[in-house]
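Engineer: Structure provided below as structure tokens; questions to follow.
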Amino acid sequence: MHNPSCTPSAFRSAPGRSLRARSRRTRFAAPAAAGVLAALLLAPALLPGGLGAQTLEGRVVRAGTGAPLAGATVMGADSATGAVQQTVTDELGRFTLTFGAGAVVAVAAVAPDFDPSAPARFRLDGALTGVVLVLTPTGEEPRSLLDLLQEPDDPDDPPPAQERREYDGPMVITGRVRERESARPVGQAQVTFVLGDSVLTATAVTDGTGTFRLEPPFREGMVTVAVSALGYQTPEPRRVILQGEPVFLSLTMQAQPLDLPTLEVTVSRREPRLERFGVLDRAARGFGDVIMGEQIERLRITAGQTSRMLLQAPGVFMTPSQSEPMFRRAQGMNMGQGCSLPDIWLDGTLVRPGVSSTARFDEVVPPPEMIAAIETFPNPRTAPVQFRTNSSGCGIILVWTR
């Protein structure tokens, strides 16, 4: 939200004045200013520090073209305490100054063969970025940069006509989002810009290199910048002053592990053999009784005792003498009276005819871990027709392996 206390005094001037800090038509005397700055650097007591320090970031550009000026001298002065800081712009024309929270600061810049900029004044109620100081390559009487900072701003003193030149290219905001500790790029981060207290917003999303580019629907004013990304803490919003010139932002985020809820995954084992021979279809339609899947695994039957799985099927009992599975009723008769053992089929092959074989169930059937399903048909007339034989009068057992 727009805060008048964070607006440079130059921004509050009469209508028609530029939002940029313009150059004065005076030439900076480099040797004299170097002596002033050296003296200031030898007085550390004047520099702000400690808790509550706030940063002011910006760029120095050439008037008319907007090209960055590297090696320009930037000085800031606290109007209340007299504390002064100075720095030199990097290859992209960027600079950073630090003052105490709430300080009212005047900032100006100069470079060889350029006029010093008019001082721009700010109240640092928080970190401030996007300040642009514009230098014009003309000059007259040499002046001290410190004198310019201490000179009050005169809103009734309009700048010369040539200083009204404005950047008329597209308004472009570019930047990069990185992790705070590792400096690795943060992809798919959402960067949102809100103009003052209006409803005008613009949003960009970073690519795999953490870079974003945006042409917002507004050119000037104080904007709030918010950034968010999955797996990262949302930092405090930043305020940036747009002055109709291209802006580059460097944003950082703190990585934060995701707290995901516990996931439960249920996997169903697919048995193509059971589908191919119609076992699943018969189970769904209620033909016979089926033992398969998790039911077999839960029984924990050991090798040589596969027949004990049949006790889970209705109507099956084990003969006392041979411990052999039989059906209590088949075709309406008691199995103990006139019925022999049931037929046993293994993967579609008859391996033990009930009436003509003395082989035991556990001798012709593989161990439990190899079995996918067992179907039981006490009444052979309910079994598939291809499994009915002359010996199946006492029931049918179909065994299917994995």
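The values are calculated or read from the model by the stated rules, or taken from the named source; none is laboratory data. Computed from a prediction, not measured in an experiment: that's the story for all the values here. Reconstructed Cβ throughout: ideal geometry from the backbone, glycine too, with neighbour counts over all protein chains shown. The area values use the complete protein model at the heavy-atom level, side chains included, leaving out ligands, DNA and RNA. Shrake-Rupley method; radii C 1.70, N 1.55, O 1.52, S 1.80 Å.
Engineer: Can you find a residue that is free of Cβ contacts under 8 Å to residues at least 60 places away in the same chain, in contact with a Lys or Arg (Cβ under 9 Å, 6 or more places away or on another chain) and at positive phi anywhere in the range 86-98?
Structural biologist: yes
Engineer: Follow-up question, since we're still on this one. Applying the selection to the range 242-261, what residues are under 21 Å from PRO185 (Cβ atoms) and part of a strand (DSSP E or B)?
Structural biologist: Within the range 242-261, VAL247, PHE248, LEU249, SER250, LEU251, THR252, MET253, ALA255 meet the criteria.
Engineer: Counting only residues that are modelled with pLDDT of 80 or more and not in a helix (DSSP H, G or I), which one in the range 295-316 is most open to solvent (accessible area, probe 1.4 Å)?
Structural biologist: Across the range 295-316, the extreme among qualifying residues is PRO314.
Engineer: Let me ask you something else. With respect to the numbered conditions (1) out of contact with any Leu (no Cβ under 9 Å at 6 or more places or on another chain); (2) farther than 17 Å from GLU324 by Cβ, which one is the sole condition not fulfilled by ALA383?
Structural biologist: Unmet for ALA383, out of (1) out of contact with any Leu (no Cβ under 9 Å at 6 or more places or on another chain); (2) farther than 17 Å from GLU324 by Cβ: (1).
Engineer: Further, regarding this structure: In this structure, does ARG239 turn out to be touching a residue at least 40 places away in the same chain (Cβ under 8 Å), out of contact with any helix residue (DSSP H, G or I) (no Cβ under 6 Å at 6 or more places or on another chain), over 30 Å from ARG121 (Cα atoms) and in a strand (DSSP E or B)?
Structural biologist: no
Engineer: Which residues, counting only those in the range 178-202, are part of a strand (DSSP E or B), under 16 Å from THR252 (Cβ atoms) and open to solvent by 30 Å² or more (accessible area, probe 1.4 Å)?
Structural biologist: Correct list: ARG178, PRO185, GLN190.
Engineer: Please work out which residue is surrounded by the fewest Cβ atoms within 10 Å (Cβ to Cβ), limiting yourself to the range 328-354 and to residues that are outside any loop (DSSP other than H, G, I, E, B) and at pLDDT 80 or above.
Structural biologist: THR349
Rundown of residues vs (1) farther than 30 Å from GLY348 by Cα; (2) within 23 Å of the chain's Cα centre (by Cα), yes/no style:
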| residue | (1), (2) |
| --- | --- |
| GLY208 | yes, yes |
| PHE218 | yes, no |
| PRO257 | yes, yes |
| ARG282 | no, no |
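Engineer: Something else: Can you give me the number of residues within the range 283-294 that are more than 20 Å from SER340 (Cα to Cα) and either open to solvent by less than 50 Å² (accessible area, probe 1.4 Å) or among the aromatic types (Phe, Trp, Tyr) (or both)?
Structural biologist: 5
Engineer: Continuing with the same structure: Working carefully through the options LEU280, LEU263, LEU230, find the one that is without any contact (Cβ under 8 Å) to a residue 24 or more places away in the chain and open to solvent by 90 Å² or more (accessible area, probe 1.4 Å).
Structural biologist: Of LEU280, LEU263, LEU230, the one residue that is without any contact (Cβ under 8 Å) to a residue 24 or more places away in the chain and open to solvent by 90 Å² or more (accessible area, probe 1.4 Å) is LEU263.
Engineer: Out of the residues in the range 95-117 that are open to solvent by 30 Å² or more (accessible area, probe 1.4 Å) and not in a loop (DSSP other than H, G, I, E, B), which is nearest to ALA72 (Cα to Cα)?
Structural biologist: Per the stated criteria, the residue is THR96.
Engineer: Here's a check for you: in the range 206-222, which residue that is at pLDDT 90 or above and of a type in the set (D, E, K, R) is most open to solvent (accessible area, probe 1.4 Å)?
Structural biologist: ARG213
Engineer: Of all residues in the range 78-94, which are hydrophobic (A, V, I, L, M, F, W, C) and open to solvent by less than 10 Å² (accessible area, probe 1.4 Å)?
Structural biologist: Passing the criteria: only ALA83.
Engineer: Of all residues in the range 365-402, count the ones that are in contact with a strand residue (DSSP E or B) (Cβ under 9 Å, 6 or more places away or on another chain), surrounded by fewer than 16 Cβ atoms within 10 Å (Cβ to Cβ) and among the hydrophobic types (A, V, I, L, M, F, W, C).
Structural biologist: Adding up the residues that qualify gives 1.
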